[in-house]
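Below: the structure, in structure tokens.
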Amino acid sequence: MPMHEPATKPDAQRRQILSLEAATSALEPSDAQRLDWQAAADASVNRFMAKVNQHPTYQLPDADLLGRFDQQVASAEGLEQLLRVVEDGMTAAGILTAGPGHLAYVPGGGLYVGAVADHLAAAVNAFTADHSAAPVAAAIHAQTIQWLAAMVGYGEGAFGDVTSGGSHATLTAFFVARHAFGIRARDYDKTCVYLSEHTHHCCEKALRVLFGDDLCLRKVPLANQAIDAAALGAMVDADLKHGLKPWMIVATAGSTNLGRVDPLRQIAAVAKDYSLWFHVDGAYGGFFNLCDEVKERFHGLAEADSVVLDPHKGMFLPYGCGAVVFKRGESLRQALDHSGAYLQDRAGLQQKSAMDYSLELTRPFRSLRIWLALKVYGAPLFKQALSEKLLLAAYCRDQLATIPGVEIVSGLDLSIFAFRYVDSGRSDGDLDAFNKLLMQRINAHPEAFLSSTLVDGRFVLRVAILSFRTHLKTVDRLIATVRAEVGLLTQQGGAL
Ligand SMILES: Cc1ncc(COP(=O)(O)O)c(C=O)c1O
């Protein structure tokens, strides 16, 4: 019997359909219910916003948190109560990443305008991947990318994609770079990529997705905590002499570890000399190119073939908002040019559609967040907010350096730096234990939360200032806390 042959008479069929329709129409809230839900969601958001500047920046989960959550979910009735349970649970433990005291990893904040954009985008639920399905959304997407590309310094012909984050953007960039060089599987084990120990781990992850373990990964020596361009040139030269195939250089404009910017101009020159793909990871630091006071560090950025940016970092937008731009936008289209018979009805193919420039087909309307934020606030306000972060970081570093025993262990290119307590009387192991304890004690204060990294194998504390909500008050409190805790710990003999 064919799969859909009716087993019942049409009247019975219609009755069945209508009874299911009556049940499933509950999926569409009535106007009154929608208004109630909007009020409940607003109330939840407003309660959170009232606390975002005061909440402890980090809370350890109590042993019962998840059990209590399950119980509360089981007894909650309706969306309003469920939202309340989720809100309570989400603010009861973990890092308050939206708050001003989040100075760990790479903060951002989460501009509320992004939530407004998402609300409309999700309700309209347009198929924004295709120009003919959503011409205005496609225009907003294209304008957003053009703004990002211009911010990098690219001219006409540049294009890119708005992705879920830097990792997805990086995978896209490397995929396109592999295609542009026509690299075949048989060449993988001869293909060389140059990066550094400060390259974000998502780059190696993307390379592994694309090449397995077959690639020649070259870690370029550092000078001043950034890629040594002369050593890079020598490495490429040596690889060529050994019959290998240098392919791509991955530079970082703002490393996650220490916030350093690789010497982009010199690296661009090496890439040019050897005709290599030049990629810049600007996920953390790229938007600082807006700021005149650090612009010089970004000279060479516009020479890159591809640049990754994370608007959920440097534009403070909610998580799930990355981007990649290519100097030659068509390289992206050429690498991703695929279609199917089911798409034969697409119209307006002369217009740019996101799906032709992306690993994704169906996508949330992420560009609307960026576009709306730019329209509402304007680029100069972002520039000012980033300038504030640059100054806060310099001020914080200078003040921490005045605390006896505290040593700043990184240069400061942007808004991340690292420090540790040093005391010549202690062994390296003791100092690591001391600094771990110092960080625990700083993080036990509600106002600021730091994370750590290693410099030359030694435990160091990082300060990463990027949230739009982080202002002088938070930084002053952090400085006072570090001063007090160093004082207490040294009085107690380190309490080790
Ligand atoms: C320099 C850098 N590159 C890439 C990434 C990965 O980005 P995402 O977390 O958005 O995937 C990060 C994240 O912190 C980063 O700092």
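Determine the relative contact order of the chain: mean sequence separation of Cα pairs under 8 Å and six or more apart, normalised by residue count, in whole percent.
For the chain, the relative contact order is 20 percent.
In whole Å, how far is the Cα centre of region 51-77 from that of region 395-467?
30
Treating cross-link reach as a plain straight distance, find the aspartates and glutamates whose alpha-carbon is under 12 Å from the alpha-carbon of Lys219, omitting any fewer than eight places away in the same chain.
Leaving aside aspartates and glutamates fewer than 8 places away in the same chain, those within reach of Lys219 are Glu197, Glu204, Asp228.
Which chymotrypsin sites (Phe, Trp or Tyr not before Pro) in region 301-358 pass both tests, a DSSP loop state and at most 15 other beta-carbon atoms within 10 Å?
Those satisfying the criteria are Tyr319.
Tell me, for the chain, which Cys residues have no other cysteine's C-beta sitting closer than 4.7 Å.
Flagged as lacking a Cys partner: Cys202, Cys203, Cys291, Cys321, Cys396.
For labels at Asp88 and Leu65 in the simple 7 Å Cα→Cβ model, what's the distance in nm?
1.6
State the Cα centre-to-centre distance between region 137-186 and region 318-390 in whole Å.
Taking the Cα centre of each part, region 137-186 and region 318-390 sit 8 Å apart.
Quick one: if the Förster radius is 45 Å, what FRET efficiency do Thr362 and Leu20 give, using the C-beta to C-beta distance and rounding to 0.05? Can you show the working numbers first?
Numbers: r = 26 Å, r/R0 = 0.58.
Calculated value: 0.95.
Could you list Cys192, Cys216 in order of exposure, starting from the residue whose Cβ has the fewest other Cβ atoms within 10 Å? Show your work: numbers first, answer last.
Numbers: Cys192 21, Cys216 18.
Least crowded to most crowded, the residues run Cys216, Cys192.
For the chain, which longest stretch is free of loop sites, where a loop site is one of the trypsin sites (Lys or Arg not before Pro) that DSSP puts outside H, G, I, E and B and that has at most 16 other Cβ atoms within 10 Å?
It runs 1-183.
From the backbone phi of region 213-225, what are the Karplus-calculated ³J(HN,Hα) couplings (6.51 cos²θ - 1.76 cosθ + 1.60, θ = phi - 60°) in whole Hz, Gly and Pro given as x?
9, 8, 7, 8, 8, 10, 8, 6, x, 9, 10, 6, 6
In this model, which of Lys241/Lys272; Lys272/Lys375; Lys295/Lys327; Lys295/Lys375; Lys272/Lys295; Lys205/Lys313 are farther than 26 Å apart at the alpha-carbon?
Lys272/Lys375
Starting from the Cα of Ser30, step 7 Å along the direction of its Cβ; do the same at His299; then give the gap between the two resulting points in nm.
That separation, rounded to one decimal, is 6.8 nm.
Could you put Tyr112, Tyr194, Tyr105 in order, starting from the residue whose Cβ has the fewest other Cβ atoms within 10 Å?
Tyr112, Tyr105, Tyr194
Quick check on region 255-300: take the gyration tensor over C-alpha atoms, sort the square-rooted eigenvalues as a ≥ b ≥ c, and tell me if it's rounded (a/c under 1.5), prolate or oblate.
prolate
No lab work stands behind these numbers, since they all come straight from the coordinates. Computed from a predicted model, the values in this text were never measured in an experiment. Reconstructed Cβ throughout: ideal geometry from the backbone, glycine too, with neighbour counts over all protein chains shown.
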